[in-house]
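Visitor: Mind having a look at this structure? Questions to follow.
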Amino acid sequence: MTVPILTSIVCGYFMGNLMASYLVAKWVLGIDIREHGTGNAGGSNSFLLMGWRNGLIVGIIDILKAFIAVYIIRILYPSDPNLSLLMVLSGSMAIIGHIYPFFMGFRGGKGMACFMGMCFGLNPLIGLYVLLATIALTIITDYVSLASMTAYIVFPILLGLYPETILGPGETYNIYTVTIVLTTGLVGIWKHRINISNLLNKKEKGLRGALKKHSK
């Protein structure tokens, strides 16, 4: 294992372990967020339990930690011929670190905000498109989980079809890069399995219902 690959894995996973939802919930409500609401240590549950302001803070921090993980690799290895692969690896490991943080017993969030952060780190414009598309789909369907799973599925497909658009000029199809992103996306979808069950049984909590709850 080369040093750049090892650095990307360790850097990404460590950044992913910085759990804003857990820390903010402890500070604001004095609770372990994993024991309340949906039981998920992520932005969506933070929003449901603590309102949109605290949920927004958590979401921004989660985006930033994956963005920083990617950007650190960009700074450390600017001339590496496999820079794109290393950045994708670091960003993906930030997502995995968020989903399975070691110091929280591997019980974290679902990784969507981190996923957006990785996209911003790889290409700010693409990150913006992913963010806007996810927000739009959430508004249209009323379900954050459905928008998140769609992003997890679509992004690796687009990365395989249009690597130059997403990663920059001169980039070509790389099976390792696509496999890493696809595998990470499948892990993210697996973390949504309860949401999938709730959607099928029409028990999933919608965004509009949550907004009404916290506007009272």
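Visitor: Report, in degrees rounded to the nearest 10, the 0 to 90 angle that the Cα long axis of helix 144-161 makes with the longest principal axis of the chain.
Guide: Taking Cα atoms only, the helix is inclined about 10 degrees.
Visitor: Can you give the local net charge around Ile95? Use residues other than it whose beta-carbon is closer than 11 angstrom to its beta-carbon, Lys and Arg +1, Asp and Glu -1.
Guide: +2
Visitor: Could you give the radius of gyration (one decimal) and Dmax (whole number) of the Cα atoms in the chain, in Å?
Guide: When restricted to the Cα atoms of the chain, Rg and Dmax are 16.8, 55 Å.
Visitor: Could you grab the relative contact order for the chain? Cα pairs under 8 Å, six or more apart, rounded to a whole percent.
Guide: About 20 percent, as a whole number.
Visitor: Here's something else I'd like to know. Please report, as a whole percent, how much of the solvent-accessible surface of region 1-110 comes from carbon and sulfur atoms (probe radius 1.4 Å).
Guide: Carbon and sulfur: 72 percent of the exposed surface of region 1-110.
Visitor: Ranked highest first by average number of other Cβ atoms within 10 Å, how do 176-182, 24-30 line up?
Guide: For the peptides 176-182, 24-30, the packing ranking is 176-182, 24-30.
Visitor: Enumerate the calculated ³J(HN,Hα) couplings along region 111-124 in order (Karplus 6.51 cos²θ - 1.76 cosθ + 1.60, θ = phi - 60°), each rounded to whole Hz, writing x wherever the residue is Gly or Pro.
Guide: Each residue's phi maps through the Karplus curve to give x, 5, 5, 5, 4, 4, x, 4, 4, 4, x, 6, 7, x Hz.
Visitor: Against the longest alpha carbon principal axis of the chain, how many degrees, from 0 to 90 and to the nearest 10, is the axis of helix 43-76 turned?
Guide: The two axes meet at around 10 degrees.
Visitor: Be a star and scan region 75-103 for residues whose amide nitrogen sits under 12 Å from the point 7 Å along the Cα-to-Cβ vector of Val3.
Guide: Under 12 Å, as judged by backbone N against the label point of Val3, lie 77 of region 75-103.
Visitor: Which of Pro163, Pro78, Pro101 moves the most in a Gaussian network model of the chain with Cα springs under 10 Å?
Guide: Judging by the Gaussian network model, the answer is Pro78.
Visitor: If you don't mind, another one. By how many nm would the segment from Leu186 to Ser79 grow when fully extended, if each residue of separation counts as 0.36 nm and the alpha-carbon distance is taken off?
Guide: 35.5 nm
Visitor: Still on this model: With every protein chain left in place, what is the accessible area per residue of the chain in square angstrom, probe 1.4 Å?
Guide: Solvent-accessible surface per residue comes out at 52 Å².
Visitor: With axes computed from alpha carbons, what is the tilt in degrees of helix 83-99 against the longest principal axis of the chain, rounded to the nearest 10 within 0 to 90?
Guide: It works out to around 20 degrees.
Visitor: Sticking with this one: With only alpha-carbon atoms in the gyration tensor, what are the semi-axes of the equivalent ellipsoid for region 105-177, in Å, largest first?
Guide: Working through the eigenvalues yields semi-axes of 23, 15, 11 Å.
Visitor: If you don't mind, there's one more thing I want to ask. Take the chain, connect every pair of alpha-carbon atoms lying under 10 Å apart with a spring to form a Gaussian network, then pick out the residue of Leu86, Leu161, Leu18 with the largest mean-square fluctuation.
Guide: Leu161
Visitor: Quick check: pseudo-label points 7 Å beyond the Cα along Cα→Cβ at Phe14 and Leu132, how many nm apart are they?
Guide: For the pair Phe14/Leu132, the computed spacing is 3.6 nm.
Visitor: Return, ordered by residue number, the residues of region 105-140 whose backbone nitrogen is under 17 Å from a label point located 7 Å along Cα→Cβ of Arg193.
Guide: The answer is 106-111, whose backbone nitrogens lie closer than 17 Å to the label point.
Visitor: Taking every pair of distinct Cα atoms and averaging 1/r, then inverting, what Kirkwood hydrodynamic radius in Å comes out for region 47-150?
Guide: 14.3 Å
Visitor: Now for a separate question. Could I have the simple spin-label model distance between Leu200 and Glu171, label points 7 Å from Cα toward Cβ, reported in nm to one decimal?
Guide: 3.5 nm
The values are calculated or read from the model by the stated rules, or taken from the named source; none is laboratory data. Since the model is a prediction, treat every value here as computed from it, not as a measurement. Glycine also receives a Cβ, built like all others from the backbone with ideal geometry; neighbour counts cover every protein chain displayed. The protein model used for the area step is the full one, side chains on, heavy atoms only, and it has no ligands, DNA or RNA in it. Shrake-Rupley method; radii C 1.70, N 1.55, O 1.52, S 1.80 Å.
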